[in-house]
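Notes to accompany the following structure.
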Amino acid sequence: MSAELDKFALLTGVFGGLALFLFGMDLMTAALKRVAGEQLKDLLGKVTGNRFMGAGMGALVTGLVNSSSVTTVILVGFISAGLMSMAQSVSVIMGANIGSTVTAQVLAFNVTRFALPVITLGFLTVFLSKNQNWQDYGRMLLGIGMVFYGMGLMSGAMVPLRTNPAFIDFIATLENPLLAVATGMVFTAIIQSSAATTGIVIVLAGQGMMTLETAIAVAMGANIGTCATAGLASIGKPREAVRASLVHVLFNVAGVLIWIGFIDQLAAFSRLISPEGDLPREVANAHTVFNVANTALFIGFTTQIARFVEWLVPDRPLSEDAPLVPKYLEETLISTPAFALENARREIGRMGNYVDDMLNKALPAALSGSRQSITALEEMDPPVDRLHRAVIDYLGRISLSRLSDEQSRDLMQLVGVANDLEHVADRIATDIVTSSRKRINEHAQIGPAVAQRISVYHAEVSRALDQAVEAVVTENAELAEAVRNMKREVVGMSRDINREWFAQSRGQQKGALMGYVREVELVEILDGIFKIARRIARSQLEPSEQPAEA
């Protein structure tokens with residue numbers, strides 16, 4: 001009976017400790033992403049052609065969020081938006097591996113004794129503070145404390161394994177480096193946390209149940225296993241996501257293949273730079289040296305690696321059958337509102353460019369188009385409706401996260417812009433299409449002179465819409481103000497069109513008169529679209545700068 005109780009205590013201690021460890025990591029990471037999401041976005045956005053800066057930024061961001069997979073997903077959005085090249089992202093992914101060693105360095109300290117004080121401080125901060133940021137700081141402390149406490153539970157539960165013959169035999173088999181690497185890889189892929197695998201290895205090493213050489217091999221396997229998360233997340237995603245995940249896999253696998261024959265030398269170097277007899281620190285240092293050395297080895301070949309990956313995963317031919325399929329609405333970023341809102345902004349930019357193209361194609365259809373061209377214009381609307389629904393649904397799920405006041409304001413602005421763009425598409429597909437069909441049915445005539453004036457007016461409206469969308473995507477208040485200031489010029493153009501028609505209308509035939517009705521109708525529709533463009537632009541101005549008029 002006692003043996004049964006010991007086994008139960010062992011299993012609950014190890015898996016309960018692991019559960020607390022993983023939950024603490026998740027709690028800490030989620031809180032940190034809420035508090036520092038904007039800063040992390042800015043840090044990664046500063047990566048330019050300097051590969052060493054890219055590696056440094058990748059290490060810093062990953063060290064903060066405790067997840068190289070999150071860093072990789074963020075990079076995909078930047079690459080897709082054209083803000084970063086594939087070659088630049090390679091150095092950031094390399095740096096992410098260095099950042100992932102921070103957790104191991106912290107866990108190598110005797111952190112168990114700090115677990116309950118840190119949990120207590122975190123709880124009091126959450127419980128007593130009314131400020132959202134301070135509550136998130138408290139959740140970060142709670143998460144860190146749970147990580148430490150989970151380590152302690154696993155360490156205590158594993159003590160009886162020192163004398164367990166079956167476990168001793170299993171550890172003995174891991175003296176084969178290939179088997180140790182495979183074990184670390186599989187275990188990490190299952191629990192989707194290389195930090196947890198490294199933590200368990202540090203516990204086993206600290207208990208004297210695993211040699212440094214074996215611990216290094218298992219940690220190497222964890223480096224490969226952590227690619228599984230990003231790999232699974234890239235399935236069915238744009239090619240940029242597949243390429244970024246592939247870089248992650250190739251880099252980690254290549255590093256393990258290079259070092260697997262030099263584990264003894266790596267262990268000897270780690271002993272040399274670590275305090276004597278401190279096996280957990282030796283494991284953490286070996287893990288860091290391994291990843292830093294791999295980055296130093298491959299950092300000079302980022303361009304070649306990018307080209308190789310682009311060759312392995314070529315671009316798909318563009319499909320005209322399914323335009324406006326969501327490209328940036330990455331599910332894994334919803335828990336990080338700063339990045340999720342940025343991706344929604346980019347998706348709205350795609351939607352705006354499509355609607356602007358739709359507006360440009362509307363003019364020839366309205367002035368002289370055939371029934372076929374009018375029908376083709378009408379068929380451009382359903383893709384806008386589908387993307388609009390996807391964007392609104394994505395923003396709705398972001399709204400369920402805890403947002404700062406600024407993020408809440410941005411979210412509502414983006415909802416308004418998406419609705420406005422969908423309204424523009426509806427006005428084109430309904431109002432302009434209907435007016436164009438009436439022109440054909442009534443045999444209305446629109447003369448070349450009037451058509452020219454309307455074309456000039458239409459070009460200004462299209463420019464206003466294009467610049468308003470650009471102002472939203474780039475958050476450019478100056479460009480938004482320029483669109484707002486177009487009102488006097490555009491309104492004056494519409495008045496001139498009407499005035500000139502009356503001056504030249506005497507003696508016109510019935511067909512010309514019906515043409516006038518269609519001309520006035522078209523100008524009124526374009527005027528309505530211009531008002532929507534100005535409303536979109538105003539969304540990017542500070543509340544104090546927004547005018548009262550529509």
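Listing for the model above:
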quantity	calculated
Estimated translational D of region 2-312 in µm²/s (Stokes, Kirkwood radius over Cα pairs; 25 °C; 0.890 mPa s)	123 µm²/s
Residue order, fewest to most surrounding Cβ atoms within 10 angstrom, among 443, 458, 423	443, 423, 458
Computed FRET value (nearest 0.05) for residue 269 with residue 409, which takes r as the C-beta separation and R₀ as 56 Å	0.60
Label-point gap, in nm, between residue 520 and residue 124 - each point 7 angstrom along Cα→Cβ	7.7 nm
Potential extension, residue 132-residue 438 segment - 0.36 nm per residue separation minus Cα distance	104.4 nm
From phi via Karplus (6.51, -1.76, 1.60), per-residue ³J(HN,Hα) for region 465-482 in Hz, x at Gly/Pro	5, 4, 6, 5, 5, 4, 4, 5, 5, 9, 6, 9, 5, 5, 5, 4, 5, 5
Modelled FRET efficiency - R0 45 Å, residue 361 with residue 257, Cβ distances, 0.05 increments	0.25
Sorted by Cβ density within 10 Å, fewest first, the residues 200, 263	263, 200
Phi to ³J(HN,Hα) by Karplus 6.51 cos²θ - 1.76 cosθ + 1.60 over region 243-254, Hz, x for Gly, Pro	5, 4, 5, 5, 4, 4, 5, 4, 5, 5, 5, 4
Ranked 408, 494, criterion: other C-beta atoms within 10 Å, fewest first	408, 494
Per-residue ³J(HN,Hα) for region 442-451, Karplus 6.51 cos²θ - 1.76 cosθ + 1.60, θ = phi - 60°, Hz, x for Gly and Pro	8, 6, 6, 10, 10, x, x, 5, 5, 4
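No value in this document is a laboratory result; all are computed from the given coordinates. Being a predicted model, the structure only gives us computed values, none of them experimental. Note: ideal-geometry Cβ built from the backbone for every residue, glycine included; neighbour counts use all protein chains shown.
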